[in-house]
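Take a look at the structure set out below.
The values are calculated or read from the model by the stated rules, or taken from the named source; none is laboratory data. What you see is a predicted model; the values in this text were computed from it and never measured. Cβ placement follows ideal geometry from the backbone for every residue including glycine, while neighbour counts extend to all protein chains displayed.
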C-alpha cells in the first residue's frame, strides 16, 4: 500500500519529469522557429549576437517585459519631444535602444534627434558638428552593427550624408564638409574595400572626401537588403540625388552615369512619374 508521503513523492517526480520534457520540447521548437525565421529573412541577426554585454544582459534578464518598458519610455519620449527637451531625449533614447536593440526605428530616431534637434541648439559650428557626428557614428557603428540587414538604417545613414552634409540647408554645412574630409583623410571613415571597388566599377572614381560619395556607398550597400519596392526606390533615389548634387556643383562628367542610373530605376519602378521628370531634366543638360 502506497502511503500519502510516497504518493506526494511520486507526483512531484512526475511533475518534474513532465516539466523537464516540456522545457526540452520548447527548446527544440524554439530552435526550429529561429531557423525558419532566418530562412525567411525575418531575423536580422541572432538575438544577442554582437551585442555589448550590458545590452545582452538587459535583453535576456527582462525577456518579454522589455517591450512593455520600452512602450512606457516611448510615451515619455513623445512628451519630451513635444516640450523640446532634446537633451533629456538623448538619455531616454539610449535606454530604449538597450531595451530594443533590434528595432531600426529607434536607432533612426535617436540619430535624428542628435543630428537635427540637438545640433540646431548649438551656438557654434564645432558644437553643431559634434552632435551631427554623433548621429552618423551611432547609425554606422552601433545601429547597423546590431541590425546588419536593415535597409531602413542604410537609408537613414545615406540621408544624413546627403542632406545634412551634402546640402546647404544647415548654416554650418560648409564646416561639416571640411570636418568630414578631415575624418576621411585621417582614415576614420571605414569602408569595405571590395564594396568600394564594385561601386567604382559602376560609377567610376569617387571622391571619398565628399559626403555624396558616402551617401552613394551606404545607399548602394543597403539595396541588397531591400525587401519591398518602397525600400528599393528610396535607396535608389538617394544614389541618384547624390549624383545630382555633384552635377549641380559643376561636375558634368556625372551626367551620363546619372542618366543611366535613373533610367534603370525607372525600368524597375515604371509607375513613378517623377522619374520621367528627372530624366527629362538630365537630358536637357546633356
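Kindly provide the set of residues from region 120-134 that are in a helix (DSSP H, G or I) and farther than 21 Å from residue 96 by Cα, ordered by number.
Once the filter is applied, which keeps residues that are in a helix (DSSP H, G or I) and farther than 21 Å from residue 96 by Cα, region 120-134 yields 120, 121, 125, 126, 127, 128, 129, 130.
Quick grid of which residues meet (1) under 27 Å from the mean Cα position of the chain (by Cα); (2) modelled with pLDDT under 95; (3) farther than 22 Å from residue 195 by Cα:
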residue: 221; (1), (2), (3): yes, no, no
residue: 231; (1), (2), (3): yes, no, no
residue: 236; (1), (2), (3): yes, no, no
residue: 241; (1), (2), (3): yes, no, no
residue: 244; (1), (2), (3): yes, no, no
residue: 254; (1), (2), (3): no, no, no
residue: 261; (1), (2), (3): yes, no, no
residue: 268; (1), (2), (3): yes, no, yes
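So which residues in region 194-211 are over 18 Å from the mean Cα position of the chain (by Cα) and surrounded by 22 or more Cβ atoms within 10 Å (Cβ to Cβ), if there are any at all?
Listed by number, the list holds a single entry, 210.
What about residue 185, is it surrounded by fewer than 22 Cβ atoms within 10 Å (Cβ to Cβ) and either over 30 Å from residue 247 (Cα atoms) or in the same structural domain as residue 224 (by TED's automatic domain parsing) (or both)? Give the derivation first.
Values: surrounded by fewer than 22 Cβ atoms within 10 Å (Cβ to Cβ): yes; either over 30 Å from residue 247 (Cα atoms) or in the same structural domain as residue 224 (by TED's automatic domain parsing) (or both): yes.
Answer is yes for this residue.
Can you give me the ranges of the helices (runs of 4 or more DSSP H) entirely in region 135-209 with at least 1 residues that are in contact with a strand residue (DSSP E or B) (Cβ under 6 Å, 6 or more places away or on another chain), under 24 Å from residue 105 (Cα atoms) and free of Cβ contacts under 8 Å to residues at least 60 places away in the same chain?
Fully inside region 135-209 and qualifying: nothing.
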